[in-house]
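Working notes for the structure below.
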Amino acid sequence: MKILTIFLLVFSLCMFGHVSSAGIRIVNELKNKKSFWMRCYSKNDVLGPIIILNGGHFTDYFFHNLFGTMHFMCILKQGPEFKHNQSFRAFKKSRLWEWRAIQDGIYLRRIYKARFDVSIENIHKEHDWIL
Ligand SMILES: *[C@@H]1O[C@H](CO)[C@@H](O)[C@H](O)[C@H]1NC(C)=O
């Protein structure tokens, strides 16, 4: 009986870990049709480097671990010769982290849903570009 209880507990933790969404999206909303360069990395993964065209975005959903120890750091570069840059922690623990690269900085919106959507509610500026 005890073993069954432990099994059910572990099983439900696993299920929960897999159904709750985790991911990052980085949207290019710079002006003058500018592209940006991006690269992200966690302890085990590298995303990019990739160039995101104006109006486009990069999106990745992934399985996060149960203990919420997963992090992604990202660096974005934009402007002439991609010389304005910013690096920041783009993902921590769980949920969806949507970043928008706009002319005056990088904005964040945390999304408590299963999928990214087009809303801009609760968006706020998190970082300036390094000039
Ligand atoms: C970011 O920009 C600064 C200032 O131009 C520069 O010194 C630094 O090397 C850049 N970092 C990266 C990773 O490109």
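Within region 116-131, which residues are among the β-branched types (Val, Ile, Thr) and either assigned to a strand (DSSP E or B) or touching a strand residue (DSSP E or B) at 6+ places or on another chain (Cβ under 8 Å) (or both)? Let's see the steps before the verdict.
Taking region 116-131 as the starting set, the residues that turn out to be among the β-branched types (Val, Ile, Thr) are 118, 120, 123, 130.
ILE120, ILE123, ILE130, listed by residue number.
Please work out which residue is nearest to the ligand (Cβ to nearest atom), limiting yourself to region 89-115 and to residues that are open to solvent by 70 Å² or more (accessible area, probe 1.4 Å) and outside any loop (DSSP other than H, G, I, E, B).
Out of the qualifying residues, it is ARG89.
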(1) open to solvent by 30 Å² or more (accessible area, probe 1.4 Å); (2) touching a residue at least 60 places away in the same chain (Cβ under 8 Å): which one isn't true of SER35, the others all being true? (2)
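Please determine, by comparing only the residues of region 32-88 that are hydroxyl-bearing (Ser, Thr, Tyr) and not in a loop (DSSP other than H, G, I, E, B), which one is farthest from the ligand (Cβ to nearest atom).
Residues of region 32-88 hydroxyl-bearing (Ser, Thr, Tyr): 35, 41-42, 59, 61, 69, 87.
Pick out the ones that are also not in a loop (DSSP other than H, G, I, E, B) and you get 41, 59, 61, 87.
Working: TYR41: 12, THR59: 23, TYR61: 26, SER87: 7 Å.
Looking at the filtered set, the residue picked out is TYR61.
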Does LYS125 count as over 16 Å from the mean Cα position of the chain (by Cα) and free of Cβ contacts under 8 Å to residues at least 24 places away in the same chain? no
Determine which single condition ILE130 fails, assuming it passes every other condition in (1) surrounded by 11 or more Cβ atoms within 10 Å (Cβ to Cβ); (2) of a type outside the set (Lys, Arg); (3) within 15 Å of the ligand (Cβ to nearest atom); (4) touching a residue at least 24 places away in the same chain (Cβ under 8 Å). (1)
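The values are calculated or read from the model by the stated rules, or taken from the named source; none is laboratory data. This one's a predicted model, so the numbers in the text were calculated from it and none came from an experiment. Quick reminder, even Gly has a Cβ in these numbers, built from the backbone with ideal geometry, and neighbours come from all protein chains shown. Side chains included, ligands, DNA and RNA excluded: accessible areas come from the protein's heavy atoms. Shrake-Rupley method; radii C 1.70, N 1.55, O 1.52, S 1.80 Å.
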